[in-house]
Amino acid sequence: MSTIKKIMDKSTQTEFDKKVLSAVQHLHAYTKHRLYIAESTGVLPKNMYSSNDIIDEGIAKYYSKGINIDLEAMAIKLQLFKIVDNDLNELLKKEAFHKNTQSTSTILEEELDGLEEKFTLDADMDYVMNEDLEDISYQQNNKKQLFLYDDKDASVINAFEMEDISSQHAKKLLGKFYTWLPMNVTNIVDLFIFGKLSFEEIAKIKDIEIKRIEKIFESVQRSFRKNLP
């Protein structure tokens, strides 16, 4: 029996279990979308991994470390997100050979010492030059366009406060969003949009400063606007 099924058992369920389950809804939306993007961009083989399995393993890890029954629901949620997010990142690193482009995660951080002012740290692995992040079309080239489902389009549009945009060009721009930007930039965006987390909560999960999260998000937002007709 999976860990999720065990804690869903009403006969043995505790208040702590209920707090854990309350985090699963947004965790599923986030994990499912990250897998979808990774498969669509060629990082992961299709249908090899499921959000249920990844989340179940994450919850099992969480319980195995020992629990604090007095924790608030939000604290539990952030800890679960951190575990699952780390597991997803490790999975993407492991399967990166399926993609025909060199991952910037192979660049050692020490090689960039002294160049920090020229680079934006897009989460805790990937780096991109500041001027490149300002114009996300720098990676456009001939990459295959990734079309999102309509509800996902709406989620991204709402998150970037672009409700006034309805042109076909905007839809195409959103379709290429996940092929233009490094995975760790879209990782942060997805934690906000699909994980329903605040910048402060994302900063705790990624162990980076809030102002960096804000800067990345604002840069992507400006880039959307800049690339619209």
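Here Phe194, Phe177, Phe217 are placed in order of increasing Cβ neighbour count within 10 Å, fewest first, which gives Phe217, Phe194, Phe177. Computed packing ranks the peptides 30-39, 206-215 as 30-39, 206-215, most packed first, by mean other Cβ atoms within 10 Å. At an R0 of 25 angstrom, the distance between the Cβ atoms of Glu218 and Lys196 translates into a FRET efficiency of 0.80. The relative contact order of region 3-98 comes to 36 percent, based on Cα pairs under 8 Å that sit 6 or more residues apart. A Förster distance of 45 Å, applied to the separation of the beta-carbon atoms of Met8 and Arg225, puts the FRET efficiency at 0.55. Which of Lys18/Lys204; Lys18/Lys94; Lys204/Lys226 have a Cα-Cα distance over 26 Å? Check vs 26 Å cut-off fails for Lys18/Lys94; Lys204/Lys226.
Straightening the chain between Glu15 and Tyr63 buys 15.9 nm, computed as 0.36 nm per residue apart minus the Cα-Cα spacing.
FYI, it's all coordinate maths here, none of it is from the lab. These numbers were taken from a predicted model, which means no experiment stands behind them. In this analysis, Cβ positions are derived from the backbone assuming ideal geometry, glycine residues included, and neighbour counts consider all displayed protein chains.
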